[in-house]
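What follows is a short report on a single structure.
The values are calculated or read from the model by the stated rules, or taken from the named source; none is laboratory data. Predicted, not measured: the structure shown is a model, and the values here were computed from it. No Cβ is skipped: glycine too gets one built from the backbone with ideal geometry, and neighbour counts run over all protein chains shown. Ligands, DNA and RNA are stripped out before the accessible areas are found, and what is left, the full protein with its side chains, is counted by its heavy atoms. Shrake-Rupley method; radii C 1.70, N 1.55, O 1.52, S 1.80 Å.
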Amino acid sequence: MAKGVTGSTLDRPNLEKVNSGLDGVVVAETVVSEVDGKIGRLIIKGVDAETLGFTSTFEETCSLLWQGLLPDSLSLPEIKQAFYLGRCEAFELAKENSHLFNRSEPMEVLRTTTSLLSGGTEKTIAAYIKIAAAVGYFAATWSRVQKGLDLMAPDANFSQAGDLLRMLTDKVPSANEIAALDTYLTTVSDHGMNASTFTARVVASTESDNVSCVVAAIGALKGPLHGGAPGPVLEMLNEIGTPEKAESWLVDELDHGKRIMGMGHRIYQVRDPRAAIFEKAIGLLEEQARLNSSDNTGANNNSERLLLARAVEKTAERLLAERHPEKPLKANVEFYTAVLLDTLKIPHQSFSSMFAAGRVGGWLAHIAEQRALGRLIRPASKYIGSNV
Ligand code: COA
């Protein structure tokens with residue numbers, strides 16, 4: 001037996017039961033967020049996600065997420081300024097590596113450009129902001145380059161959400177639009193032990209650097225079963241076109257063994273609470289557009305999109321209940337993400353990278369928490385190959 005190791009830790013694990021999806025396996029205690037899948041409640045750092053989503057800027061959310069997990073802190077104006085400086089650093093990196101943004105896959109580009117950031121295992125608010133600011137900046141830059149627009153220098157007058165929206169839409173965003181993007185970034189900033197967060201924690205547990213943890217998490221988020229669904233949700237809504245066509249389109253997909261994107265969740269047995277938050281945010285944006293628009297055209301288009309989304313959701317929920325009575329499959333976060341980000345005129349190819357721009361706040365909190373734990377994550381496997 002190795003010196004200093006008790007017999008029990010070297011005992012062979014119970015190899016009878018294999019849990020390939022790790023459903024229900026608790027791998028860590030956390031103060032970052034709690035997901036109650038039975039009643040559909042998400043708490044982020046002690047605050048209900050809806051309250052936080054409608055009252056916090058992304059900078060305030062990051063400050064809350066990291067509070068108590070990092071030894072240092074900054075005032076909110078200092079945090080806002082540090083985010084601006086983080087975007088400036090990312091801008092310089094983007095200029096030096098502009099060819100990377102020509103590649104067509106946005107999450108691939110985000111993964112590659114994020115890996116250009118330097119740094120070690122620092123647990124400081126400045127190091128964290130640098131990464132969080134850059135992930136958003138790189139996400140927005142891909143979209144600009146694809147449209148043939150120049151890289152945009154960050155503007156200190158804007159918050160992270162405002163500056164990203166300015167870059168993504170090439171126009172000065174309204175206060176309501178910025179607030180809606182803050183709602184989005186805040187609401188998706190953390191969600192229990194999801195696949196990308198677990199990935200970040202596994203890498204942190206090896207004592208690898210912060211950037212490597214975030215790059216690995218981006219790789220996990222890229223998958224269509226995790227963060228890759230909102231783009232396809234919008235494509236689905238566009239293909240369906242009108243509420244009357246929802247049933248036949250969805251039946252056809254299901255008959256061909258396809259999954260309906262934006263529906264179903266590993267944890268939620270009820271509707272994902274984030275779907276309701278985004279639905280409300282879309283409603284607020286529409287209300288504002290109606291008040292501001294003289295001809296009402298833009299607002300009407302958005303309303304039609306929201307009505308279509310609700311009809312598709314209802315029909316999909318019914319069809320899925322008929323086919324899978326054993327498992328409730330209801331709208332998840334990505335269903336209304338598609339409609340909200342589309343209402344903000346963010347190109348649908350950038351939806352997953354905008355998800356990363358928000359979730360990076362939570363990843364960094366979990367990285368700090370994992371580092372404090374100081375325990376390598378190393379599960380077991382059951383060998384079923386041949387024995388020579
Ligand atoms: N459309 C159609 N069928 C679905 C479905 C969906 N969106 N989600 C689950 N199912 C089916 C599965 O095919 C499976 O059927 P089977 O038992 O006949 O093979 C059954 O429901 C159970 O699903 P399972 O794969 O065990 O669920 P999970 O907990 O592993 O998956 C998701 C959760 C999110 C991966 C899954 O619901 C999904 O793929 N959703 C679509 C992608 C998406 O929106 N992702 C974003 C998540 S936030």
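In this model, which of Lys38/Lys245; Lys171/Lys330; Lys38/Lys280; Lys80/Lys345 are farther than 29 Å apart at the alpha-carbon?
Violating the 29 Å Cα-Cα cut-off are Lys38/Lys245; Lys171/Lys330.
Looking at the range 28-110, which trypsin sites (Lys or Arg not before Pro) are DSSP coil and have at most 10 other C-beta atoms within 10 Å of their C-beta?
When the trypsin sites (Lys or Arg not before Pro) of the range 28-110 are filtered for loop state and at most 10 Cβ neighbours within 10 Å, Lys38 remain.
What is the sum of charges around Val188, taking Lys and Arg as +1, Asp and Glu as -1, for the other residues whose C-beta is under 10 Å from the C-beta of Val188?
Overall, the nearby charge balance is 0.
Assign unit charges at the C-beta atoms only (+1 for Lys and Arg, -1 for Asp and Glu), then state the dipole size of the chain relative to its Cα centre in Debye, rounded to the nearest 20.
920 debye
Would you mind putting 226-232, 325-331 in packing order, based on average other-beta-carbon counts within 10 Å, highest first?
Put in order of decreasing packing, that is 226-232, 325-331.
With viscosity set to 1.567 mPa s and temperature to 4 °C, compute the Stokes-Einstein D of the chain, Rh being the Kirkwood radius across alpha carbon pairs; µm²/s, no decimals.
Answer, rounded: 59 µm²/s.
Which percent of the accessible heavy-atom area of the chain goes to carbon and sulfur, probe 1.4 angstrom?
52 percent
Would you rank Leu364, Leu291, Leu76 by solvent-accessible area, highest first, keeping every protein chain in place and using a 1.4 Å probe?
Largest to smallest exposure gives the sequence Leu291, Leu76, Leu364.
For the chain, with every protein chain kept in place, what is the accessible area per residue (1.4 Å probe, Å²)?
Computed with neighbouring chains in place, this is 47 Å² per residue.
Among Gln349, Ile282, Gly361, whose Cα lies farthest out toward the positive end of the dipole of the range 272-388, if unit charges sit on the beta carbon of Lys, Arg (+1) and Asp, Glu (-1)?
Gly361
Rank by packing, highest mean first: peptides 127-138, 313-324, with packing defined as the count of other Cβ atoms within 10 Å averaged across residues.
In decreasing order of mean packing, 127-138, 313-324 become 127-138, 313-324.
Near Lys222, which aspartates and glutamates are there with a Cα under 12 Å away, not counting those fewer than 8 places off in the same chain?
Counting by Cα, and skipping residues close in sequence, Lys222 has these aspartates and glutamates nearby: Glu105, Glu108.
Would you list, by chain and number, the lysines whose Cα falls below 16 Å from the Cα of Lys382, excluding same-chain residues fewer than 8 positions away?
Result set, ordered by chain and number: Lys17.
How large is ³J(HN,Hα), in whole Hz, for each residue of the range 265-270 in order, when computed from phi with the Karplus curve 6.51 cos²θ - 1.76 cosθ + 1.60 and θ = phi - 60°, using x for Gly and Pro?
7, 5, 9, 6, 9, 10
Largest first, how would Ser33, Ser20 line up by accessible area (1.4 Å probe)?
Ranking Ser33, Ser20 by accessible area, largest first, yields Ser20, Ser33.
Give me the net charge of Leu93's neighbourhood, meaning all other residues with Cβ under 14 Å from the Cβ of Leu93; Lys, Arg count +1, Asp, Glu -1.
Charge balance in the 14 Å sphere: 0.
Per DSSP H run of n ≥ 4, the term is -39500 (n - 2.57); total these for the chain, divide by its residue number, and report the mean residue ellipticity at 222 nm rounded to 500 deg cm²/dmol.
The per-residue figure over the chain is -18000 deg cm²/dmol.
Which one, Pro106, Ile79, Ala216, projects farthest toward the positive side of the charge dipole computed for the chain from Cβ point charges (K/R +1, D/E -1)?
Among Pro106, Ile79, Ala216, the one farthest towards the positive end of the dipole of the chain is Ala216.
Mind checking Rg over Rh on the range 230-343, alpha carbons, Kirkwood formula for Rh?
1.00
If you average the sequence gap of Cα pairs under 8 Å that are 6 or more apart and divide by the length of the chain, what percent do you get for the contact order?
25 percent
How do Ser115, Ser73, Ser303 rank by accessible surface area computed with a 1.4 Å probe, from largest to smallest?
Ser73, Ser115, Ser303
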